[in-house]
Amino acid sequence: MPYVKVEVTKDGVTREQKAALVQGVTALLQQVLNKDPSLTFVTIDEVDTDNWGVGGELVSDLRRKKAAAPAPSPAPIIGPSVLADTTGELPALLDCIATYLDGLYFADVERLARVFHPRARYFSTAEGSLKELDMPTYFDVVRGRVPASASQQPRYDRLLSVDLAGPHTALVKLECALSPRHFTDYLSLVKEQGQWRIISKVFEVRQLPPT
């Protein structure tokens, strides 16, 4: 009657990932030790990074140090398809998008708050049904992430298209990666009081293949 206890840091492991872990451990014990799956017990404990130490330091402190370290040079935003930019607004719009991408990479709510309109909405059907978040809820999600900068993941930021309908309205399509997920975002932006801000975010997400 094997009992396996798995401890991981509390980093937003999904229910699906936990189920896959339980299935994998159970299958491994059956394959290697010929143990009956119906008598194999697997538990998963998520440990807060303030309660996990490595090399004499808390994991939370180590990650903060890594996040504060210089980030790898971002990949250039390449190949934009700009449709009818007769407004002169493209540079300001690109500044807004660059801040948005930095906010995602560093999990920096302060940066994201500068470029999202307070009344903006986030939409996705990645989990099978429509998910809608307001900005306070979305920012809480971002705060709970481990920044990609903490592990110095390579930047993958691609601006695919910019459609400036006029001096106050734009639609942007872009790609970015926060390993192990790859995102395609459609951002609707409005210019209000001289500032471009995202009013809605709709995205598709897929898992990156293992490297």
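The values are calculated or read from the model by the stated rules, or taken from the named source; none is laboratory data. Note that the structure is predicted; figures quoted are calculated from it, not measured. Every residue, glycine as well, gets a Cβ built from its backbone with ideal geometry; the counts of neighbours run over all protein chains shown.
Looking at this structure, is V42 under 28 Å from S179 (Cα atoms), of a type in the set (A, V, I, L, M) and assigned to a helix (DSSP H, G or I)?
no
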Exercise for review: Please work out if V13 is at pLDDT 85 or above and aliphatic (A, V, I, L, M).
Suggested key: no
Point to revise | strands (runs of 3 or more DSSP E) fully within the range 107-211 counting 2 or more residues that are under 23 Å from V13 (Cβ atoms) | key: 116-124, 131-134, 169-178, 181-192, 195-207
Point to revise | Residue among E127, E204 that alone is free of Cβ contacts under 8 Å to residues at least 24 places away in the same chain, surrounded by fewer than 18 Cβ atoms within 10 Å (Cβ to Cβ) and either of a type outside the set (S, T, N, Q) or touching a helix residue (DSSP H, G or I) at 6+ places or on another chain (Cβ under 6 Å) (or both) | key: E127
Review point. On the given criteria, is V190 hydrophobic (A, V, I, L, M, F, W, C), surrounded by 15 or more Cβ atoms within 10 Å (Cβ to Cβ) and either without any contact (Cβ under 8 Å) to a residue 12 or more places away in the chain or out of contact with any Pro (no Cβ under 6 Å at 6 or more places or on another chain) (or both)?
Key: yes
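If only one of R181, R114 is over 15 Å from the mean Cα position of the chain (by Cα), outside the structural domain of D11 (by TED's automatic domain parsing) and not small (G, A, S), which one is it?
Among R181, R114, only R114 is over 15 Å from the mean Cα position of the chain (by Cα), outside the structural domain of D11 (by TED's automatic domain parsing) and not small (G, A, S).
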Review point. Among R145, R119, R111, which is the only one that is of a type outside the set (A, V, I, L, M), in contact with an Asp or Glu (Cβ under 9 Å, 6 or more places away or on another chain) and modelled with pLDDT under 90?
Key: R145
